[in-house]
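Okay, structure first, notes after.
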Amino acid sequence: MKPKILLTGKNGQVGHDLQHFLPALGEVVAFDRQGLDLSKPAKIREVIRRIQPSIIVNAAAYTAVDRAENEESLAHAVNAEAPAIMSEEAKKIGAVVVHYSTDYVFDGTKTTPYQENDPTNPLNVYGRTKLGGEQAIRSSGVNHLIFRTAWVYATRGKNFLLTILRLATQREELRIVGDQIGAPSWSRGIASSTMRVLQQLLQKTNNSQGWDKNLSGTYHMTAAGETNWFEFTTAILEHASKEGSQPAEWITAATSGNPLLTRRVLPIKTAEYPTPAKRPAYSVLSNSLLQTVFGIKLSDWKTQLNSAFSHTDSN
């Protein structure tokens, strides 16, 4: 019998793509913010008790990094308290919790990729609240998978890729931070990898009639390789400049059908672009544990960007 899967954040970047992959595993009941507001604990409990899912995939989050500095209580409610409630309810019914966290739980002082067990030290409210969610899930004792992602973008919604395409139609020169290092990760790659992990676990569960508790834990799930925002911008514009007279629907939407004006992209220091929330200077995550345990390796960020530009639409 196929499991019932409760998905939150269905209109988010990863949540939207998960709706393409999760139905292969079971019956998906998906909610957006209007259907399931994670700042309302009673609603979370009511939905879980009513649906009785075998798997809860929490792809919803408060992700406005800078705004979170002034909205800490709301960010904490959604990113820390909601996962705690989900885990509590999931444990009661024997469900598994799949949750997405972030590279921002680290402070960026390393110069080599972060391992899952490296010390956390978030620099901003967003990172602290996401870490709070991780800790709540672990301490609940529920069977769980926490996937830390980073620099996520998609062909829909609000993200760096679409922002650059829009700005490139408005300005001849873009000044982009060049001293923050990370791995831009396409939401579709994250969603696909999540499905593949769950596929393996469901097969093991069906064969042994139980969840392997040794597989519960935290795994990094990002594109391979590393770059900076300046180089990522340059790569985006190179791809965009090669689009013909009939670009993909999502590109037309991002540019409003206007031509690219940008002729120069200049790297700047983080200090030249102050933001309310501090960012880690280096937040590359090592994906070796995901590959060792599940045999899954995401392609490198350049390959993922190429795949995104080859994607015909935002659906």
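A few comments on the model shown:
- Unique residue being under 25 Å from Gln170 (Cβ atoms), touching a residue at least 24 places away in the same chain (Cβ under 8 Å) and within 21 Å of the chain's Cα centre (by Cα) when the list is Leu285, Leu305, Leu289, Leu266: Leu305
- When the helices (runs of 4 or more DSSP H) confined to the range 216-315 are screened for residues that are small (Gly, Ala, Ser), those reaching at least 2 such residues are found at 229-241, 249-255, 301-310.
- Options Trp250, Trp151: the member that is buried (at least 16 other Cβ atoms within 10 Å of the Cβ), at pLDDT below 95, more than 18 Å from Val57 (Cβ to Cβ) and of a type in the set (Phe, Trp, Tyr): Trp250
- Residues being surrounded by 21 or more Cβ atoms within 10 Å (Cβ to Cβ) and part of a loop (DSSP other than H, G, I, E, B) - total across the range 11-30: 1
- Selected residue (criterion: nearest to the chain's Cα centre (by Cα)) from residues of the range 181-207 that are among the polar types (S, T, N, Q) and either modelled with pLDDT of 95 or more or under 16 Å from Val14 (Cα atoms) (or both): Ser187
- In the range 69-81, the residues that are more than 17 Å from the chain's Cα centre (by Cα) and either within 21 Å of Ala150 (Cβ to Cβ) or part of a helix (DSSP H, G or I) (or both): Glu69, Glu72, Ser73, Leu74, His76, Ala77, Glu81
- Thr163 meets all of the listed conditions (1) free of Cβ contacts under 8 Å to residues at least 40 places away in the same chain; (2) of a type in the set (S, T, N, Q); (3) in a loop (DSSP other than H, G, I, E, B) but one, namely (3).
- Qualifying residue in the range 66-87 (condition: closer than 21 Å to Arg138 by Cα and of a type in the set (D, E, K, R)): yes
- Ala136 touching a Gly at 6+ places or on another chain (Cβ under 8 Å) and assigned to a helix (DSSP H, G or I): no
- Evaluation of Arg33 against (1) surrounded by 17 or more Cβ atoms within 10 Å (Cβ to Cβ); (2) under 27 Å from Pro184 (Cα atoms); (3) of a type outside the set (A, V, I, L, M); (4) modelled with pLDDT under 95 (one fails), failing number: (1)
- Of the listed requirements (1) closer than 16 Å to Asn306 by Cα; (2) of a type in the set (S, T, N, Q); (3) without any contact (Cβ under 8 Å) to a residue 24 or more places away in the chain, Thr222 misses just one: (3).
- Residue match in the range 268-288 (condition: under 30 Å from Met1 (Cβ atoms), surrounded by 13 or more Cβ atoms within 10 Å (Cβ to Cβ) and among the aliphatic types (A, V, I, L, M)): no
- When Lys110, Lys92 are checked against the criterion of being surrounded by fewer than 24 Cβ atoms within 10 Å (Cβ to Cβ), within 27 Å of Gln19 (Cβ to Cβ) and not β-branched (Val, Ile, Thr), a single residue qualifies: Lys92.
- Test result for Ser87, outside any loop (DSSP other than H, G, I, E, B), of a type in the set (Gly, Ala, Ser) and at negative phi: yes
The values are calculated or read from the model by the stated rules, or taken from the named source; none is laboratory data. Fair warning: this is a prediction, and the values are worked out from it, not measured in the lab. With ideal geometry, Cβ positions are generated from the backbone for all residues, glycine too; neighbour counts draw on all protein chains shown.
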